[in-house]
Amino acid sequence: MSYPQLDKPYCAVTVTHAKTFLLHAGPQSDELLTPDDYVYLHPHWYRVNEQRILQCVGKTSVPAHKIPQTRVGEMQLDLECLLNQSLSQHSPYYRAQVYVVFFPVSLLASLDPQQATAFPVCGFALVGNLYPNRQRTPSGSGWLYTTDKQARLAQPLAEFTVQDLQHATTFNRRFKELTGIDPVTDVRPLGVSSSKQAH
């Protein structure tokens, strides 16, 4: 897959979803994503593997405008129908999810809030347990992924720790090496986007 405008300025947006739907395989913990969990990041469902990499398992059948009003049990049923299996041993609940998306600055003007997806088309995203416990020293990690033409997480490129993210110069250099973005291209942080909807 070709990624556009690798020689043009990119923006980095930190996204916080206050209500991310999760089907947890074990007891609740400080970590949001653990192996065999399922998480909904609009409009796709993902399974967490043993390396804590998110693998897309399909797209929800719930219309986008109904997601905020959809009950926990209905979301679980949507995934069970998609997988054709029961997930009765999983615990459904909502948690806040933080991730970072990267895409060309030039695409900002063409973004449609009514067609919003968790991730940009043909861009990059850093997703994982980036802020597992705010009461302690920042820890945790996340994977950097490419995203495809359907705005799904696609290829995992590398894992980063929260400490890696705190060193902006080192992170940007590594990010450009992994993605093929021109070394002299600006990657501009554009602040934080937040949502209270269930994505």
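Quick check on segment 61-100: take the gyration tensor over C-alpha atoms, sort the square-rooted eigenvalues as a ≥ b ≥ c, and tell me if it's rounded (a/c under 1.5), prolate or oblate.
Details: a/c = 1.79, a/b = 1.24, b/c = 1.45.
Since a/c reaches 1.5 but b/c is at least a/b, the shape of segment 61-100 is classed as oblate.
Working from label points 7 Å from Cα in the Cα-to-Cβ sense, the Asp36 to Arg71 distance is 2.8 nm. Between Asp186 and Asn49, the modelled labels are 3.8 nm apart [label points 7 Å from Cα along Cα→Cβ]. Note that segment 171-176 has calculated 3J(HN,Hα) couplings of 4, 4, 5, 5, 4, 5 Hz, one per residue in order, obtained from phi through the Karplus relation 6.51 cos²θ - 1.76 cosθ + 1.60 (θ = phi - 60°); glycine and proline are x.
Cross-link partners of Lys8 among lysines, defined as those whose alpha carbon lies under 18 angstrom from its own and excluding same-chain residues fewer than eight positions apart: Lys176. What lysines does Lys19 reach when the alpha-carbon gap must be under 27 Å and sequence neighbours fewer than 8 apart in one chain are set aside? Straight-line reach from Lys19, under 27 Å: Lys59, Lys66, Lys149, Lys196. Taking amide H as placed 1.01 Å from N in the peptide plane, Asp36 has its amide H under 5 Å from the amide H of Val48, Asn49, each at least 5 places away in sequence or on another chain.
Values in this text are rule-based calculations from the coordinates and carry no lab data. All values reported here derive from a predicted model rather than from experimental measurement. Ideal geometry is used to build each Cβ from the backbone, glycine not excepted, and the neighbour counts take in all protein chains shown.
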